[in-house]
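Undergrad: Got a structure for you, written out below as structure tokens; questions coming shortly.
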Amino acid sequence: MAKTGTTTQGLRAAIERSGYYPALVAEAVEAAVGGEPVASYLVHQETTFDSNEVRRHVTVLVLTDTRFIVSHTDEQAADTSSPTPYATTSTESVKLDRISSVVVSRVVANPEKYVPGTLPREVVLTIGWGAVSRIDLEPAACGDPNCEADHGYTGSSTADDLSLRVSEAGDGPDTVRQTLAFAQALSEATAATAAATR
């Protein structure tokens, strides 16, 4: 389930509608937002299956005029560190000028019949700000098939701080639409921030 909008009251209501420890999630997100007006937000709940357990996770993304805030809340079963079930919640606040990439990957069915404005069946939103990078390396080679020299390695580094996947089948068309709206708002805000600092 995802909700998006533009007000602090709407953000609180979306967190409450998600039904996932709303008091805990709202307190953490509101503390991170502080007194700044909310420009856009997205609340996404995800359920996963881990062996014999069902686990829930909620991600809250908030855009203000100066920052991008991301919050994650997970529930945990009782374990050696705690005799009772517990939840962990974390928030990260990122200045807009630190966001290096906003990637929106769209999956569409029957691309030969695609009509502009049709919702994709799946969207993956990936946001990078340099906190986490993935490095993919492979042995480098030259064009000579008989060459046995060591050419070192070649590869790429990819910003991969946050990746959120939603699908029409699993989350519904509104969630796909809302994810695209938030991605557009974030892209526009980062472009405006970049233009202002030139």
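Undergrad: Among the residues of region 56-110, write down those that are aromatic (Phe, Trp, Tyr) and under 18 Å from the mean Cα position of the chain (by Cα).
TA: Within region 56-110, Phe68 is the sole residue that qualifies.
Undergrad: Which residue out of Asp174, Asp161 is surrounded by 10 or more Cβ atoms within 10 Å (Cβ to Cβ), at pLDDT below 95, acidic (Asp, Glu) and farther than 16 Å from Thr59 by Cα?
TA: Criteria check complete, one pass: Asp174.
Undergrad: In region 120-139, what count of residues is obtained for those that are touching a helix residue (DSSP H, G or I) at 6+ places or on another chain (Cβ under 8 Å) and either in a strand (DSSP E or B) or modelled with pLDDT under 95 (or both)? Show your work before the answer.
TA: We begin by selecting, within region 120-139, every residue touching a helix residue (DSSP H, G or I) at 6+ places or on another chain (Cβ under 8 Å); these are 120-123, 125, 127, 129-130.
Applying the additional criterion that residues be either in a strand (DSSP E or B) or modelled with pLDDT under 95 (or both) yields 122-123, 125, 127, 129-130.
Qualifying residue count, region 120-139: 6.
Undergrad: For region 39-63, which residues satisfy the criterion of being at pLDDT below 95, in contact with a helix residue (DSSP H, G or I) (Cβ under 7 Å, 6 or more places away or on another chain) and among the β-branched types (Val, Ile, Thr)?
TA: Within region 39-63, Val43, Val58 meet the criteria.
Undergrad: Restricting attention to region 7-37, which residues are in a loop (DSSP other than H, G, I, E, B) and not β-branched (Val, Ile, Thr)?
TA: Gly19, Tyr20, Tyr21, Gly34, Gly35, Glu36, Pro37
Undergrad: To continue, here is another question. Among the residues of region 61-96, write down those that are in a loop (DSSP other than H, G, I, E, B) and either in contact (Cβ under 8 Å) with a residue 12 or more places away in the chain or surrounded by 16 or more Cβ atoms within 10 Å (Cβ to Cβ) (or both).
TA: Hits for region 61-96 are Asp65, Thr66, Ala77.
Undergrad: Another question about this same structure. Report yes if some residue within region 104-111 is surrounded by fewer than 10 Cβ atoms within 10 Å (Cβ to Cβ) and without any contact (Cβ under 8 Å) to a residue 60 or more places away in the chain; otherwise report no.
TA: For region 104-111, residues surrounded by fewer than 10 Cβ atoms within 10 Å (Cβ to Cβ) and without any contact (Cβ under 8 Å) to a residue 60 or more places away in the chain: present.
Undergrad: Among the numbered conditions (1) touching a strand residue (DSSP E or B) at 6+ places or on another chain (Cβ under 9 Å); (2) at pLDDT 90 or above; (3) assigned to a helix (DSSP H, G or I); (4) surrounded by fewer than 16 Cβ atoms within 10 Å (Cβ to Cβ), tell me where Ala183 comes up short.
TA: Going through (1) touching a strand residue (DSSP E or B) at 6+ places or on another chain (Cβ under 9 Å); (2) at pLDDT 90 or above; (3) assigned to a helix (DSSP H, G or I); (4) surrounded by fewer than 16 Cβ atoms within 10 Å (Cβ to Cβ) one by one, Ala183 breaks only (4).
Undergrad: Which of the residues belonging to region 38-59 are among the hydroxyl-bearing types (Ser, Thr, Tyr) and either assigned to a strand (DSSP E or B) or in contact (Cβ under 8 Å) with a residue 24 or more places away in the chain (or both)?
TA: Initial filter on region 38-59 (among the hydroxyl-bearing types (Ser, Thr, Tyr)): 40-41, 47-48, 51, 59.
Those that are among the hydroxyl-bearing types (Ser, Thr, Tyr) and either assigned to a strand (DSSP E or B) or in contact (Cβ under 8 Å) with a residue 24 or more places away in the chain (or both): Ser40, Tyr41, Thr47, Thr48, Thr59.
Undergrad: On to the next question. Which one of these does Thr193 not meet: (1) farther than 18 Å from Leu42 by Cβ; (2) surrounded by 16 or more Cβ atoms within 10 Å (Cβ to Cβ); (3) at pLDDT 95 or above?
TA: (3)
Undergrad: Under 6 Å by Cβ, and 6 or more places apart or on different chains, what pairs join a residue from region 138-155 that is free of Cβ contacts under 8 Å to residues at least 60 places away in the same chain and of a type outside the set (A, V, I, L, M, F, W, C) with one that is outside any loop (DSSP other than H, G, I, E, B) and open to solvent by less than 80 Å² (accessible area, probe 1.4 Å)?
TA: As it stands, the answer is Gly155/Asp136, since those pairs meet every condition given.
The values are calculated or read from the model by the stated rules, or taken from the named source; none is laboratory data. This is a predicted model, so every value here is computed, not measured. All Cβ positions, even for glycine, are placed from backbone atoms using ideal geometry, and neighbour counts span all protein chains on display. Just the protein is used for accessible areas: all its heavy atoms, side chains included, with ligands, DNA and RNA removed. Shrake-Rupley method; radii C 1.70, N 1.55, O 1.52, S 1.80 Å.
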